[in-house]
Number of protein chains: 2
Amino acid sequence: MILSLMAQYPEQLNGVFQALADPTRRAVLGRLSRGPASVSELSKPFDMALPSFMKHIRFLEDSGWILTRKEGRVRTCAIEKKAFTAADAWLSKQRALWEARFDRLDALLEDSQDE
Amino acid sequence: MILSLMAQYPEQLNGVFQALADPTRRAVLGRLSRGPASVSELSKPFDMALPSFMKHIRFLEDSGWILTRKEGRVRTCAIEKKAFTAADAWLSKQRALWEARFDRLDALLEDSQDE
């Protein structure tokens, strides 16, 4: 379902990969892979003003990498697997294409040895 | 080796993922996964001036996704696995972190059922 959606709207992959092109966003995802956390907890390791940090959080949310929920003054973030699945599917497809190519090369080499 | 290099220079991952945040570059990689091709062959599907297209080729080369070789007037491009391996390793690490977390949750649930 996600794969067909991403195939239908391939521009969503732009944001999926753009999200990973930044060390702060990768570090936030690394932290959230261990479990949910509040924005204030997530921001602690970074020497960054809160508005700048929030831009990264929104980018991760908009690109499908995280979900956020606000209760009172606390916004909690959690990893979402939608973007991961899309990124992983794209990479797996490239790998499948190479492997098919090398399998064909192997078959050709074997045929030429048989002759 | 590649993993430790990327762990040592994590900023290289910025370029690895930035390269994938563009539909032209993803399409070029998709084509090259099927086998090497010249720049002029690669550029055909795109309605883009050659200097703009060459910027994408250079980005893919600089970020470790492709190798290029010039013979006479023809520049041939081929996929390189360095960037793929780095991207794949980063994603796999996130998956391993979640799975460890869910395994711990399962263990906790089983323990509480046993009690």
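Determine, yes or no, whether B:Glu99 is away from chain A (no Cβ under 14 Å) and either part of a helix (DSSP H, G or I) or in contact with a Leu (Cβ under 9 Å, 6 or more places away or on another chain) (or both).
Taking the combined requirement at face value, the residue does not satisfy it.
Rundown of residues vs (1) under 30 Å from B:Trp98 (Cα atoms); (2) among the charged types (D, E, K, R), yes/no style:
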residue	(1), (2)
A:Val74	yes, no
A:Ala78	yes, no
A:Lys82	yes, yes
A:Ala87	yes, no
A:Leu97	yes, no
A:Asp103	no, yes
A:Ala107	no, no
A:Ser112	no, no
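For segment A:54-91, which residues satisfy the criterion of being in contact with a Gly (Cβ under 8 Å, 6 or more places away or on another chain), among the acidic types (Asp, Glu) and modelled with pLDDT under 95?
Scanning segment A:54-91 gives a single hit, A:Glu80.
Is it the case that A:Ile79 is in contact with a strand residue (DSSP E or B) (Cβ under 7 Å, 6 or more places away or on another chain), within 11 Å of chain B (Cβ to nearest Cβ) and closer than 21 Å to B:Ser92 by Cα?
Yes; evaluated as a whole, the condition is true for this residue.
Has segment A:68-85 got any residue that is in contact with a Phe, Trp or Tyr (Cβ under 8 Å, 6 or more places away or on another chain) and within 22 Å of B:Pro36 (Cα to Cα)?
There is no residue in segment A:68-85 that is in contact with a Phe, Trp or Tyr (Cβ under 8 Å, 6 or more places away or on another chain) and within 22 Å of B:Pro36 (Cα to Cα).
Step by step: first the residues of segment B:4-35, then only those that are more than 10 Å from every other protein chain (Cβ to nearest Cβ) and at pLDDT 95 or above, then the one that is nearest to A:Asp22 (Cα to Cα). Which residue is that?
B:Thr24
The values are calculated or read from the model by the stated rules, or taken from the named source; none is laboratory data. None of these values were measured; they are calculated from a predicted model. So basically every Cβ, Gly included, is an ideal-geometry build from the backbone, and we count neighbours across all protein chains shown.
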